[in-house]
Amino acid sequence: MSGETQCAWAVRHSPVGPLLLAATGAGLVTVGFRADEGRIRRALGRLAGELGADPVRDERHPVLSRAAAELDAYFEGRLRAFGLPLDWSLVSGFTRQVLRELAASVPFGSVLEYGELAQRVGDPGAARAVGAAMGANPLPVVVPCHRVVAAGGSMGGFSGGLETKRVLLAHEGVLPAPLF
């Protein structure tokens, strides 16, 4: 087993539905939306292939316990910035650069456009590539790709669905809360 990355996983319920959380010894590696049985099975298969080890269900894994506590605090309005360790091994190159910049510089309650994020990483013509990086984000919510919007402030896309993006942005005070 040397050279393999151990991976633990758990499901955490949230206001945006069940989230699949997966972690390695280095940190949280995945947050997946709509964690039903089929999505969990497919996600765990991908993780096994990418990390070289079968993920094991373990709600008490220290990183997963911390992730669950921080997500609960975020959704309860008690946390504005995540501090848990992140494992960036599922992304590389431009995507990793964009996601790290996003995590480091776009605070709770703010949004920026894809083009603005492209400028921040030194490639002002790469708005579409930034959009692709957002779609490839293995750590949504924690690495807040929901805070990145299209030119002119339209929603753009979101891996968790536009309604989930609306809920997250309303939670952060960027959009009005839904009436019902």
By the C-alpha gyration tensor axes a ≥ b ≥ c (rounded if a/c is under 1.5, else prolate when a/b exceeds b/c, else oblate), the shape of the chain is oblate
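Only four residue types carry charge here, +1 at the Cβ of Lys and Arg and -1 at the Cβ of Asp and Glu. Report the dipole size of the stretch 20-166 about the Cα centre in Debye, rounded to the nearest 20. Write out the running numbers ahead of the final one.
Working: 17 positive and 15 negative charges, 24 e Å.
Dipole of the stretch 20-166, to the nearest 20 debye: 120 debye.
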5 angstrom amide H check on Leu86, placed H, neighbours 5+ away: Leu28
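Among DSSP beta bridges whose residues both lie in the stretch 8-56, state the antiparallel percentage, nearest 5.
In the stretch 8-56, DSSP labels about 90 percent of beta bridges as antiparallel.
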Going by amide H atoms built from the backbone, whose H comes under 5 Å of the H on Val149, apart from near neighbours? Leu112, Glu113, Tyr114
Pop out the ³J(HN,Hα) list for the stretch 148-163 in order, Karplus 6.51 cos²θ - 1.76 cosθ + 1.60 with θ = phi - 60°, rounded to Hz; leave Gly and Pro as x. 9, 10, 6, 4, x, x, 5, 4, x, x, 6, 4, x, x, 5, 5
Starting at the first residue of the stretch 170-177, write each ³J(HN,Hα) from the Karplus equation 6.51 cos²θ - 1.76 cosθ + 1.60 with θ = phi - 60°, in whole Hz, x for Gly and Pro. 5, 4, 8, x, 7, 10, x, 5
Out of residues 5 or more away from Leu19 or on other chains, whose amide H comes under 5 Å of its own, with H placed 1.01 Å from N in the peptide plane? Arg12, His13, Ser14, Ala35
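So if I place +1 on the C-beta of Lys and Arg and -1 on the C-beta of Asp and Glu, and nothing else carries charge, what would the dipole magnitude of the stretch 5-102 be about its Cα centre? I want it in debye, nearest 20.
Details: 13 positive and 11 negative charges, 28 e Å.
Around 140 debye, computed over the stretch 5-102.
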How much area per residue is accessible in the stretch 71-180 when the probe is 1.4 Å and only protein heavy atoms are counted (Å²)? 47
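The values are calculated or read from the model by the stated rules, or taken from the named source; none is laboratory data. Because the structure is predicted, anything quoted here is derived from the model rather than measured. Positions of Cβ are generated from backbone atoms using ideal geometry, with glycine treated the same way; all protein chains shown enter the neighbour counts. SASA here: full protein model, heavy atoms, side chains in, ligands and nucleic acids out. Shrake-Rupley method; radii C 1.70, N 1.55, O 1.52, S 1.80 Å.
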